[in-house]
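The values are calculated or read from the model by the stated rules, or taken from the named source; none is laboratory data. Quick caveat: nothing in here was measured; it's all calculated off a predicted structure. As a convention, Cβ positions derive from the backbone with ideal geometry for all residues, glycine included, and neighbour counts pool all protein chains shown. Surface areas here come from the heavy atoms of the whole protein model, side chains and all, with no ligands, DNA or RNA. Shrake-Rupley method; radii C 1.70, N 1.55, O 1.52, S 1.80 Å.
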Amino acid sequence: MEKKEGRKIVESLGCLAGERDEEEEEIEIEQHKGDGTDLGGEEVEMEYGGGREGGGMNGNGNGGGGSAWAGALSPAARYAESGGASLTWENLTAVLPGAGGRATKKLVQGLYGYAVPGRVVAIMGPSGSGKSTLLDALSGRLARNVLLTGKVLLNGKKRRLDYGVVAYVTQENVLLGTLTVRETVTYSALLRLPSTMSKAEVRRVVDDTLDEMGLRECADRNIGNWHLRGISGGEKKRLSIALEILTRPRLLFLDEPTSGLDSAAAFSVIETLRQLAVDGGRTIVSSVHQPSSEVFALFDDLCLLSSGECVYFGDAKLAPQFFAETGFPCPSRRNPSDHFLRCVNADFDDVAAAMKGSMKLRAEADFDPLLKYSTSEIRERLVDKYRISEYAMMVRNTIHEISKIEGVIEEVVMGSQASWCKQLTTLTRRSFTNMSRDFGYYWLRIVIYVLMAVCLGTIYYDVGTSYAAIQARASCGGFVSGFMTFMSIGGFPSFIEEMKMFTLERQNGHYGVAAYIISNFLSSMPFLLAVSWASASITYWMVKFRPGFSYFAFFALNLYGGVSVIESLMMIISALVPNFLMGLILGAGVIGIMMLTSGFFRLLPELPKIFWRYPVSYIVYGSWGLKGAYKNDLIGLEFEPMMPGQPKLTGEYIITKMMGLSLNHSKWLDLSMIFVLLFAYRLIFFLVLKAKEAAAPYIRVAYTRFTIKRLERRASFRKTLAMSSMSKRHNQPHPMAVQEGLNSPLPY
């Protein structure tokens, strides 16, 4: 009986070519004209099975090991042989180590599979089954605290799959809400399409992409943010997909692309992805929760997961046959995806328990096998059956064949074909447009700065040159150099949003780090200049600092330099701590230390020389800014003495004797040092981002080794590992748990 079932499986694989449309059938026939092989079921059965010596099924139903496939290529391997990006994964296991005595959680375990050009792979399963974890593991975007073991090969070789090698559409829509749909797609096209393309050609590509995703009607509407009403969630999802299919990537990952879409929109999206795979020879891997029957029919291969384990992997059309062979056939009028999830989703046990009193349900229990067993029992039978089935054997043999294919030219994959200058100008224009339209980015800060300048000017209005004015001028200068620059911390939320956008686009290879940093500086410069000059114009003339345009220009440039340095510092913090609350706390602490060592709260000569005087006071902007402000305002002025009749106090005397500062260098050197620090902070920001990219693989390897050694020392870990190896099954967790996967630790 097992021999007959194995024969049917192989025969069904051969018949797949006859089930495709006429265009695909012609391609298959053309590929096999040279050897005279017909694509009918009997010929393919002979090619893969009994037609070869030793190729029959053995008594155990295992197909005689690998002899059934000797000298032949599976259909999936034939797709891989045609070129493109072929992805394979073997024994893939991801585990989340428990901290503070908590149990270690398995996210996925022992997964095998492949994705080849021209076919769409669907990763399906209930919530918490490990779909997103598997997708992140395959695309190189797994969280840093997750341990990953196994092999992921691209065209038979190990390589990093981020920063332009693959494209990834995340479940979260990371978009600039101030831009319109058309502007978003256009800027993305200019960033990645070849610079040699004309504007008309780029416009045509953009229009075609909008039409493919059904976004023509909302093309001129804003995406929407906290103060702008925009497009719907489904339209945002389609826009995220449009941005990645714009350049027709070789390897595309999508995390639940149909979420939030109606059935018609979901079908249109998956149909577009299928056409991209078939016509362009692209490899597409997508997670999907519960597709309709029409959408499910568009998938070529299916990876069905439950609690991190593989229930089935193979041709999607053969999945109902596998379930029927296991004893859980799919009814003829039921959506296959609904049936599969009904078999492996433990939530249905609660539904069945609530309906136990129904007479109709009791009558159906004698005929429906799903009502005779609990979900955990059904899942156990399916997983165990798949592990020893011909389907699992064919998957491993196909992986082996794909890795052995020679002559496949691996293209130099680039996420962008635009020149560096084109990327810089496009990013600058996009960033400036976003800043000018987002009221909370700079406009609100300009208003606050103007109000603060008015308050400061009224408090220190016409400060004069009396003896008390010395302290008043110093206090006003200290407030401008310290607290008014400290207010730039308000831009941190916008930096966090920008970093999310940068991280996603950088991982997909849209542009480089240098282009992003320079474009951000250039686009923000007009707004920071507006902040500085508007505030300086009000404060300077109301307080009546030293008259003269050159002195006013120095005052404004000094404020601009301090604000720019703080913005650069907050960008470094946003790269190191991509969390809103923690970033604000850390940024406020660092800026507070800078203010303490600026020379206002305690004079610079009185600072402890070790650490605080050297080197801290030299590497913070506050000390340079305050020294320059004092020199700009006091040199050349005379103030009334403390006691009448004494000689007047010159500005030089106040700076050198009362403030303990040196006049050996000009105020312009102090100003230039602020801009040196500005350049240094931007350079540090660049180095931090590049170091995170370069060091990430090594940090992950070191973390994995250290964590595994730490877990090995746990007696509970070794005990659970031994029990796991002895028992056939693991405990069934609740499928709606916060963390995906099993509760048992990692076997290795």
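Annotations
To keep it simple, each residue is scored yes or no on (1) in contact with a Lys or Arg (Cβ under 7 Å, 6 or more places away or on another chain); (2) among the hydroxyl-bearing types (S, T, Y).
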| residue | (1), (2) |
| --- | --- |
| N225 | no, no |
| R229 | no, no |
| S240 | no, yes |
| E244 | no, no |
| T247 | yes, yes |
| L254 | no, no |
| P257 | yes, no |
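- Pairing each residue of the range 656-675 that is at positive phi with any residue that is outside any helix (DSSP H, G or I) and exposed (fewer than 14 other Cβ atoms within 10 Å of the Cβ), provided the two are 6+ apart or on different chains, yields C-beta distances under 9 Å for G660/L603.
- The range 401-424, subset modelled with pLDDT of 90 or more and surrounded by 15 or more Cβ atoms within 10 Å (Cβ to Cβ), residue nearest to K157 (Cα to Cα): Q423
- For the range 619-634, the set of residues classified as under 16 Å from M659 (Cα atoms) and without any contact (Cβ under 8 Å) to a residue 60 or more places away in the chain consists of S623, W624, K627, K631, listed by residue number.
- Of the residues making up the range 533-549, those that are surrounded by fewer than 23 Cβ atoms within 10 Å (Cβ to Cβ) and part of a loop (DSSP other than H, G, I, E, B) number 4.
- Test: T720 is open to solvent by less than 30 Å² (accessible area, probe 1.4 Å), modelled with pLDDT under 75 and assigned to a helix (DSSP H, G or I): no
- Qualifying residue in the range 299-306 (condition: more than 21 Å from G128 (Cβ to Cβ), modelled with pLDDT of 90 or more and open to solvent by 20 Å² or more (accessible area, probe 1.4 Å)): no
- For the criterion of being of a type in the set (V, I, T) and either free of Cβ contacts under 8 Å to residues at least 40 places away in the same chain or in a loop (DSSP other than H, G, I, E, B) (or both), V108 fails.
- Only residues that are open to solvent by 30 Å² or more (accessible area, probe 1.4 Å), modelled with pLDDT of 85 or more and of a type in the set (S, T, Y) were counted across the range 77-120, and they come to 1.
Listed here are the residues, each with its yes/no results for (1) outside the structural domain of F601 (by the TED database); (2) hydrophobic (A, V, I, L, M, F, W, C); (3) more than 29 Å from the chain's Cα centre (by Cα); (4) open to solvent by 20 Å² or more (accessible area, probe 1.4 Å).
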position: S475; (1), (2), (3), (4): no, no, yes, yes
position: F495; (1), (2), (3), (4): no, yes, no, no
position: F502; (1), (2), (3), (4): no, yes, no, no
position: V531; (1), (2), (3), (4): no, yes, yes, no
position: Y551; (1), (2), (3), (4): no, no, yes, yes
position: S568; (1), (2), (3), (4): no, no, no, no
position: V577; (1), (2), (3), (4): no, yes, no, yes
position: F580; (1), (2), (3), (4): no, yes, no, yes
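- Helices (runs of 4 or more DSSP H) within the range 230-298 that include 3 or more residues closer than 14 Å to T170 by Cβ and at pLDDT 90 or above: 233-245
- The conditions of being under 21 Å from Q290 (Cβ atoms), more than 16 Å from the chain's Cα centre (by Cα) and loosely packed, with under 15 Cβ neighbours inside 10 Å are not met by G260.
- Within the set Y614, Y630, the sole residue that is among the hydroxyl-bearing types (S, T, Y) and over 23 Å from S568 (Cα atoms) turns out to be Y630.
- The listed residues are V590, V565, V616, and the only one of them that is touching a Ser or Thr at 6+ places or on another chain (Cβ under 9 Å), free of Cβ contacts under 8 Å to residues at least 40 places away in the same chain and closer than 23 Å to F685 by Cα turns out to be V616.
- Pairs are defined by a Cβ separation below 8 Å, a sequence spacing of at least 6 or placement on different chains, a first member in the range 635-648 that is within 7 Å of Y467 (Cβ to Cβ), and a second member that is open to solvent by 100 Å² or more (accessible area, probe 1.4 Å) and not aromatic (F, W, Y); the pairs so defined are F639/K648; E640/K648; P641/P647; P641/K648.
Here is a yes/no grid of residues against (1) not in a helix (DSSP H, G or I); (2) not hydrophobic (A, V, I, L, M, F, W, C):
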{"site": "Y551", "(1), (2)": "no, yes"}
{"site": "F554", "(1), (2)": "no, no"}
{"site": "Y560", "(1), (2)": "no, yes"}
{"site": "I566", "(1), (2)": "no, no"}
{"site": "L581", "(1), (2)": "no, no"}
{"site": "I585", "(1), (2)": "no, no"}
{"site": "I593", "(1), (2)": "no, no"}
{"site": "G599", "(1), (2)": "yes, yes"}
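- One residue from L626, L596, L586, L634 being under 45 Å from the mean Cα position of the chain (by Cα) and buried (at least 22 other Cβ atoms within 10 Å of the Cβ): L626
- The range 165-192, residues that are among the aliphatic types (A, V, I, L, M), part of a helix (DSSP H, G or I) and over 18 Å from G509 (Cβ atoms): V181
- For V165, the stated conditions hold: it is modelled with pLDDT under 85 and of a type outside the set (F, W, Y).
- Here the range 449-473 is the region considered, the condition is being of a type in the set (V, I, T) and part of a helix (DSSP H, G or I), and the residue that is surrounded by the fewest Cβ atoms within 10 Å (Cβ to Cβ) is T458.
- Among (1) buried (at least 16 other Cβ atoms within 10 Å of the Cβ); (2) closer than 21 Å to F601 by Cα - the single one T656 does not satisfy: (1)
- Just one of (1) open to solvent by 10 Å² or more (accessible area, probe 1.4 Å); (2) touching a residue at least 60 places away in the same chain (Cβ under 8 Å) fails for G490. It is (2).
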